[in-house]
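Below is one structure, written out as structure tokens; the observations come after it.
Taken together, the values in this text are just the output of simple stated rules run on the coordinates, not laboratory data. All figures in this text were calculated on a predicted structure; none of them were measured in a lab. We place every Cβ from the backbone using ideal geometry, glycine too, and count neighbours over all the protein chains shown.
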Amino acid sequence: MQLRQQGKLILVGFMGTGKSSVGSRLAERLGWPLIDSDAAIVRDQNRDISSIFATDGETAFREIESRVLASLLKTPDCAVVSTGGGAVLKEENRKLMRKTGIVVALKASPERIVSRVLQDESRPLLDGDVRGRVYRLIEERKHAYDFAHFTLDTTEMSVDDVAAAILSMTNHVAKENT
Ligand code: S3P
């Protein structure tokens, strides 16, 4: 089976592991569109992620996230899909992702994550004590990304190297499954 027939290349991982930048590099290299689930939520709701959390709360956000993700994954077209860090928390989402494409989990060291997310105020779950929240959430989610077909630690890697490694892993799968 070829990656192309697999339909979607889906990136999951904690905030700040590089899903968006790696996703756009992969999309460029494959000539596929990049679908970003957070951006799709913002379009669907016509408000930003922080406002959804502030007004409706996390539970409501998770419902919206699952609905939007399901509709993005329903299309038969090939695409690279970059997901929000908490999209893996619901089992229905995990099952759907594995069924619809090749799922790659990106990891990074907590300190690298902290340095990547520190300046960005768009993540409501990290408001306030960023370092403390990153460490607590990483601990809470330590097995949340284990369902992926592949896991890659991006701590010491450039975006280009991560994209190349993912393409080589997924081609390998494509060959093994032929
Ligand atoms: C979240 C991650 C964010 C966004 C929301 C919640 C999470 O996406 O979906 O702030 O629960 O990990 P990124 O992983 O793209 O930052």
- Task: Check region 19-34 and report whether any residue there is in a strand (DSSP E or B) and within 14 Å of the ligand (Cβ to nearest atom).
- Result: yes
Residue pairs within 7 Å by beta carbon, gap of at least six or interchain, first lying in region 12-27 and of a type in the set (Gly, Ala, Ser), second more than 7 Å from the ligand (Cβ to nearest atom) and assigned to a helix (DSSP H, G or I), listed first then second, are Gly16/Ile113; Gly16/Arg116; Gly16/Val117; Gly18/Val159; Gly18/Val162; Ser21/Val159
When restricted to Ala105, Ala60, the only residue of a type in the set (A, V, I, L, M) and without any contact (Cβ under 8 Å) to a residue 12 or more places away in the chain is Ala60
Counting only residues in region 35-50 that are closer than 17 Å to Thr75 by Cα and not in a helix (DSSP H, G or I), the one farthest from the ligand (Cβ to nearest atom) is identified as Ile35
Within region 102-133, residues hydrophobic (A, V, I, L, M, F, W, C) and under 10 Å from Gly16 (Cα atoms) come out as Leu106, Ala108, Ile113, Val114, Val117, Leu118
| message | Can you confirm whether Thr83 is without any contact (Cβ under 8 Å) to a residue 24 or more places away in the chain, among the hydroxyl-bearing types (Ser, Thr, Tyr) and under 22 Å from Leu9 (Cβ atoms)? | response | no
